[in-house]
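Structure, as structure tokens:
The values are calculated or read from the model by the stated rules, or taken from the named source; none is laboratory data. Note that the structure is a prediction, hence the values are computed from the model and not measured. Heads up, the Cβs are rebuilt from the backbone with ideal geometry, glycines too, and the neighbour counts pull from every protein chain shown.
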């Protein structure tokens, strides 16, 4: 197949089909139908002369070397660093977006800041990163770029991860896994009603993708940004915790993180007691690893042995300040094996 390229950042998309006089994008579960000249909901896919193009291929808005704990990943290569990139726009509507300066900005192809997959991996190696992370805005919008970068990264012994809302199609997810996706931190933003109302999405597609990826060997961690009057009820905490255990397993980490007013949302910051309640519910529902986020110095950032409660990994913000695990990831006190990849 010949891939058409208009400019470095405008490249034929991989996943679409023709539907009469329109094209249907198959990158995410919105599955937009586009006439010639139309953009998809995410503003990164455009029907140009009856061919679907991505207009942000390698258009990098942000790049930095981040601790893996910042994603957050607490059970995936702890204390390592990932070269992290993002682009522009998003396929969700979240009015509290914490990265709205790039995720709510439409791409400007003429001002493209192009970084090729080859150069990205080269930069990661030069900066002594252990892996690549696609984050900041929704990484699925960089699908074509990440597929190529992941394959190159694997040849150099690097890991690959997404920090994502999990709304890609199964077709896209399968391509990611085949290309070397190792881990995903997936946002579960609330129950079905909250996700539909505030994000314009179907939460069942997110759970489906998390379960499929886990079954295919991808490491999964779940994050819920807890927002007052949106998703902070005990019923919602219980639902999320129960579904994580049932569909992803008791060893799947769940991060309940503190919201601060941002973008179009002015609700007050999440009370720490609410986060502590959510964490307790996670444990009560049978999850072995439930964490607080965005509360520096809180004991809820740490990993404890599920069996004897020994403090095993102590964290402060994004640093692991103490690691008592044995070389084979066991508790030194009782020998319990901790679910962790390194």
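Confirm whether residue 51 is more than 25 Å from residue 83 (Cβ to Cβ) and either surrounded by 17 or more Cβ atoms within 10 Å (Cβ to Cβ) or modelled with pLDDT of 95 or more (or both).
When the stated conditions are applied, residue 51 passes them.
With respect to residue 139, determine if the residue is surrounded by 16 or more Cβ atoms within 10 Å (Cβ to Cβ), within 23 Å of residue 318 (Cβ to Cβ), at pLDDT 95 or above and out of contact with any helix residue (DSSP H, G or I) (no Cβ under 9 Å at 6 or more places or on another chain).
Working: surrounded by 16 or more Cβ atoms within 10 Å (Cβ to Cβ): yes; within 23 Å of residue 318 (Cβ to Cβ): yes; at pLDDT 95 or above: yes; out of contact with any helix residue (DSSP H, G or I) (no Cβ under 9 Å at 6 or more places or on another chain): no.
Answer is no for this residue.
Candidates in the range 10-29 are the residues that are assigned to a loop (DSSP other than H, G, I, E, B) and at pLDDT 95 or above; of these, the one that is nearest to residue 140 (Cα to Cα) is 27.
Every residue, every condition in (1) touching a helix residue (DSSP H, G or I) at 6+ places or on another chain (Cβ under 9 Å); (2) closer than 27 Å to residue 123 by Cβ; (3) surrounded by 19 or more Cβ atoms within 10 Å (Cβ to Cβ), yes or no:
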residue	(1), (2), (3)
14	yes, yes, no
17	no, no, no
88	yes, yes, yes
105	no, yes, no
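When the residues of the range 108-126 are filtered to those that are in a helix (DSSP H, G or I) and touching a residue at least 12 places away in the same chain (Cβ under 8 Å), the one that is surrounded by the fewest Cβ atoms within 10 Å (Cβ to Cβ) is 118. Since residue 285 meets every condition but one in (1) touching a strand residue (DSSP E or B) at 6+ places or on another chain (Cβ under 7 Å); (2) within 26 Å of residue 164 (Cα to Cα); (3) modelled with pLDDT of 95 or more, which condition does it not meet? Just one mismatch for residue 285, condition (1).
Identify, from the list 149, 129, the residue that is outside any loop (DSSP other than H, G, I, E, B) and either under 20 Å from the mean Cα position of the chain (by Cα) or at pLDDT 95 or above (or both).
Numbers: 129 fails: outside any loop (DSSP other than H, G, I, E, B).
Just one listed residue meets the conditions, 149.
Please go through (1) in contact (Cβ under 8 Å) with a residue 60 or more places away in the chain; (2) touching a strand residue (DSSP E or B) at 6+ places or on another chain (Cβ under 8 Å) for residue 226 and return the number of the only condition it doesn't satisfy. So the condition that residue 226 fails would be (1).
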